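See below for the structure under consideration.
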Amino acid sequence: MTEATGFLKGLKVDAAREKAIDELRVRGALDKIEPIQHQTPICSRSLNPIEFISSDAWYLKQLEFREDLKRLAHEMEFRPLRHRQLLLDWTESLTIDWPISRRRFYHTEIPLWYCKKCGETLAPPPGKYYRPWKDPAPFSKCPKCGSSEFVGEDRVFDTWMDSSVSNLFLTRYRSDPAFFKANFPVSLRCQGREIVRTWLYYTTLKSWLVRQSKPFHRVFIHGLGLDARGRAMHRTLGNVIDPWPLIKKHGADAMRLFVASETNPGDDFRISEAKVGGAAKFVTKLWNVARFISSFEEPKEGKLLPSDEWILAELNHLMEASRGAYEDLNLFVPSNRSREFLWNLFAPHYMEMVKARAYEGDTGARWTLHACLRDFLRLLAPIAPFSTDKIYRSVYHGSVHAEAFPVEREEIPRSRTEATEKIVAFNGDVWKRKRDQGLPLNVELSGIVIPAELKPFEDDLRRMHRLA
Ligand SMILES: [Zn+2]
């Protein structure tokens, strides 16, 4: 309590409340005490009522650079594009300069001393880390009044004063000029949506102040993982999901696949253990597919049959879509397309169609199985880096991460994919007939006519279903 409160001066808020009530009682002015409800802003973490306490602070200028910062926001490429608006809106909404001094125990000390006699502010020479509240002052006398007594600053910087230097630090600003020149601005910032107004904004401000430059060429903003009811996680809500037990149970690749395939880039997503478990099943599927294929020797070349060309055409399709998406920093498309390819086409249809040929040593089937596995592992490696690498090292030797992105085989006719729906429908139909008749899938079946459009695949289909 300040001077203005008279007899309450010097007390903390709670004590002042007590004393005010006592005083009312003493003066006979207290009529009654009863509970009432009223709105008070509280801290979301401690739940304490918020008090306004005025104090002096250091500020960094930002308002006068507003237009420059907005221009830099337009110079950076955003993914998704719409999240640039988060930065622009924040920049537009600023009403004060940035208060950068804080009263906290642990953070980067503000390197300043003050002259005890005249109050002059003194900054030490650069190049050393200073703790002014503890270290002796690095000056012999005040340049203004000649006094030799100083008081060290005991406040620290706001968190983002440090965090906003990450791009300068990583590109070795002022320590390796050649490296800095080659790497600044940094190619990519990847960060969450909730810290655009802090991490991204302050990094942009600092890069402007220090280099008059944008901090990054591209910015990838990802969404938030929410709880099952779609709420952001807060300690006070008790809904924080610790990822570590999920990763330990289902694997890191399953977690990564889940996040990549759950939403379009930049959207929030609900964390679901069932879906992480589903992604883990996909990893197991990949493992089993690889084990099957690795049982066949990989021929140098193979004579391709229509079924082989068909799956290679589908693989071309997958590579093309995934490459475009990856270049656009979109993990949603490759993760989902890969899953559809392996789970819905390659394993149930193609593998079953060519199994017999592969066992007999047919080079076309064996070559295609390996080509698909090799390319698939390279294609999925950015999203599932651990399992793809483990498989690649075991089957093909060397790390998948040292391989180039797979390239489409132009010699495979695109038109082969026209058969996809018909193959899937035909196989589904035969499986259903056997199921309906209570027959095991490997039993012979007669009376099935192969549709004219599937004639090129007839031999493989007949052997797959044992059609008489
Ligand atoms: Zn002085």
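The values are calculated or read from the model by the stated rules, or taken from the named source; none is laboratory data. What you see is a predicted model, and the numbers here were worked out from it, not measured in a lab. Note: ideal-geometry Cβ built from the backbone for every residue, glycine included; neighbour counts use all protein chains shown. Ligands, DNA and RNA are excluded from the accessible area calculation, which covers all protein heavy atoms including side chains. Shrake-Rupley method; radii C 1.70, N 1.55, O 1.52, S 1.80 Å.
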- What residue, among those in region 193-236 that are within 19 Å of D89 (Cβ to Cβ) and of a type in the set (D, E, K, R), is most open to solvent (accessible area, probe 1.4 Å)? R197
- Message: So, in region 423-450, how many residues would count as being closer than 21 Å to E314 by Cα and surrounded by fewer than 14 Cβ atoms within 10 Å (Cβ to Cβ)?
- Response: 2
- Might you check whether a residue that is surrounded by fewer than 19 Cβ atoms within 10 Å (Cβ to Cβ) and more than 32 Å from the chain's Cα centre (by Cα) occurs anywhere in region 279-294? yes
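Got at least one residue in region 62-81 being within 16 Å of the ligand (Cβ to nearest atom) and either more than 22 Å from D158 (Cβ to Cβ) or touching a Cys at 6+ places or on another chain (Cβ under 8 Å) (or both)?
Filtering region 62-81 for residues within 16 Å of the ligand (Cβ to nearest atom) gives none.
Checking region 62-81: not a single residue is within 16 Å of the ligand (Cβ to nearest atom) and either more than 22 Å from D158 (Cβ to Cβ) or touching a Cys at 6+ places or on another chain (Cβ under 8 Å) (or both).
Might you check whether a residue that is part of a helix (DSSP H, G or I), over 24 Å from G223 (Cα atoms) and modelled with pLDDT of 95 or more occurs anywhere in region 184-205? Write out each step before concluding.
First, the residues of region 184-205 that are part of a helix (DSSP H, G or I): 193-205.
Subset that is over 24 Å from G223 (Cα atoms): none.
Within region 184-205, none of the residues are part of a helix (DSSP H, G or I), over 24 Å from G223 (Cα atoms) and modelled with pLDDT of 95 or more.
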- Residue hits (region 93-133; in a loop (DSSP other than H, G, I, E, B), open to solvent by less than 70 Å² (accessible area, probe 1.4 Å) and not hydrophobic (A, V, I, L, M, F, W, C)) are D97, H107, T108, P111, G119, E120, P124, Y130, P132
- more than 16 Å from the ligand (Cβ to nearest atom), over 25 Å from F65 (Cβ atoms) and of a type in the set (D, E, K, R), is that true of E109? yes
- Message: Looking only at region 112-151, count every residue that is more than 50 Å from the chain's Cα centre (by Cα) and within 10 Å of the ligand (Cβ to nearest atom) and tell me the total.
- Response: 11
- Task: Show the residue pairs that are 6+ apart or on different chains and have beta-carbon atoms under 8 Å apart, the first residue being within region 134-158 and within 26 Å of Y202 (Cβ to Cβ) and open to solvent by less than 50 Å² (accessible area, probe 1.4 Å), the second being of a type in the set (K, R) and part of a strand (DSSP E or B).
- Result: R155/R102; V156/R102; F157/R102; D158/R102
